[in-house]
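For reference, the structure discussed in these notes is given below.
The values are calculated or read from the model by the stated rules, or taken from the named source; none is laboratory data. For clarity, every value in this text was computed on a predicted model and none was experimentally measured. FYI the Cβ positions are ideal-geometry reconstructions off the backbone, even for glycines, and counts take in every protein chain you see. For accessibility, only protein heavy atoms count, side chains too; no ligands or nucleic acids. Shrake-Rupley method; radii C 1.70, N 1.55, O 1.52, S 1.80 Å.
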Amino acid sequence: MDAGLKRDLEAKVYAGERLSREDGIALYASDDLTWLGRLAHHRRTELNGDRVMFNVNRHLNLTNVCSASCAYCSFQRKPGEKDAYTMRIEEAVSKAKEMEDEQLTELHIVNGLHPSLPWRYYPKVLRELKAALPNVKLKCFTATEVQWFEKISGRSADEILDELMDAGLESLTGGGAEIFDWEVRQHIVDHDCHWEDWSRIHRLAHRKGMKTPATMLYGHIEEPRHRVDHVLRLRELQDETGGFAVFIPLRYQHDFHDSADGKIRNRIQERTTMAAPAESLKTFAVSRLLLDNVPHVKCFWVMHGLSVAQLSLNFGADDLDGSVVEYKITHDADSYGTPHTLHRDDLLHLIWDAGFQPVERNTRYEVVREYEKPVGLAERRSEPQKVWA
Ligand code: SF4
């Protein structure tokens, strides 16, 4: 990058000026990763100090049966396929209760677009989960699922959200966003929920008082300009509603192993590579710098591995999701040996070892507990150090 442009961008960041589309594209064109990290870390520190938030959650996928066949998805199964499943309500409750002893604070539930499950199943599942675990917040369903519920129920999203909230819904999840630009989206997404519906449903959720997350699936066939466009659409919507609590860049994954039935479902992996760690760190940094109105940037460690997750905390991220348990959507495509679960203690040490102060939060990003500040590496060099893979 031209030295003059670099100085201009740096001056804008340190003056707290809003960055433009061209600035975003220029930042992606820079290979000076330490410089990008320094800028993003400056912004992250202004917003969140040296704190790293985390939560103790469990992911549940009620069904992997899906009417769509998105090109990047290794999770979906068609009805009758060998490893297709749909949980009975009691099964979902019993899986959720397995983590009761860990003082679980959130259930994160996303699912396939099941062609024949009736609408009433969904509020019923939430009611039963809430009755079994009254202190646990329910973060459930992507905007894509809500649009699917409109189709299968004949109700409006307004009515659907009211009914789900009445059954205990605290927040939507941020998925279904992928990349909003149609140039890319038409090649990877196989359902009808695009920017217009995705933003309509989140806008509605914000009006009802929800704080929702927003995601971006990167590192496949998109180019940096598509990532910038994606983030700027979210920034504009955030200017309007203020309802996004966090932005989550999700790294696209190849389907390295055959699934139980021997099929590889990911249809774009021959056209693309996955984002390398440096590209991921760059994406965290540029997103943090462009999204000046969203308070948090999250690293979903399951998709990055733990060492990149630690590094991301110096590249704009200030939030780690979470204790997780059984994240099927990525783990159906993952052969990195990333664990399924981190317990509260693991998360605390992961954050301390990266040099930050852990803060446990709830679904609304309210503080549950602040932990001690980290002890510097230099002071504990004689202790055996854990290796985070
Ligand atoms: S990404 Fe979601 S909607 Fe698309 S095929 Fe997979 S489960 Fe279905």
Out of curiosity, is residue 54 within 16 Å of the ligand (Cβ to nearest atom), within 30 Å of residue 235 (Cβ to Cβ) and touching a residue at least 12 places away in the same chain (Cβ under 8 Å)? no
Report every pair of residues separated by at least 6 positions or lying on different chains whose Cβ atoms are under 8 Å apart, first residue within the stretch 195-208 and on the phi > 0 side of the Ramachandran plot, second crowded, with 20+ Cβ neighbours inside 10 Å. none
The stretch 350-382: number of residues that are within 16 Å of residue 307 (Cα to Cα) and among the acidic types (Asp, Glu): 1
Taking only the stretch 1-26 into account, find how many residues are crowded, with 19+ Cβ neighbours inside 10 Å and over 17 Å from residue 235 (Cα atoms). 2
Can you name the residue in the stretch 185-202 that is over 18 Å from the mean Cα position of the chain (by Cα) and away from the ligand (no atom under 16 Å from the Cβ) and is also least open to solvent (accessible area, probe 1.4 Å) among such residues? 200
Taking the stretch 101-115, which residues are open to solvent by 30 Å² or more (accessible area, probe 1.4 Å), assigned to a loop (DSSP other than H, G, I, E, B) and closer than 26 Å to residue 366 by Cα? 103
Would you be able to say whether some residue in the stretch 20-42 is within 16 Å of the ligand (Cβ to nearest atom), in contact (Cβ under 8 Å) with a residue 40 or more places away in the chain and under 20 Å from the mean Cα position of the chain (by Cα)? no
For residue 235, are the conditions met, namely being open to solvent by less than 30 Å² (accessible area, probe 1.4 Å), among the charged types (D, E, K, R) and closer than 30 Å to residue 78 by Cα? no
Identify all residues within the stretch 331-375 that are at pLDDT below 90 and open to solvent by less than 30 Å² (accessible area, probe 1.4 Å); write none if there are none. 331, 333, 334, 338, 342
Within the stretch 136-144, can one find any residue that is under 25 Å from residue 231 (Cα atoms), of a type in the set (A, V, I, L, M, F, W, C) and assigned to a helix (DSSP H, G or I)? yes
Go through 98, 145, 159, 81 for me and flag whichever is modelled with pLDDT of 95 or more and either in contact with a Cys (Cβ under 7 Å, 6 or more places away or on another chain) or surrounded by fewer than 23 Cβ atoms within 10 Å (Cβ to Cβ) (or both). 159
Of all residues in the stretch 162-184, which are closer than 30 Å to residue 228 by Cβ and surrounded by 18 or more Cβ atoms within 10 Å (Cβ to Cβ)? 171, 172, 173, 174, 175, 176, 177, 178, 179, 180, 181, 184
Checking residue 72 against (1) within 25 Å of residue 298 (Cα to Cα); (2) over 22 Å from the mean Cα position of the chain (by Cα); (3) of a type in the set (Ser, Thr, Tyr); (4) within 9 Å of the ligand (Cβ to nearest atom), the condition it does not meet: (2)
Looking at 63, 45, can you tell me which residue is within 16 Å of the ligand (Cβ to nearest atom) and modelled with pLDDT of 95 or more? 63
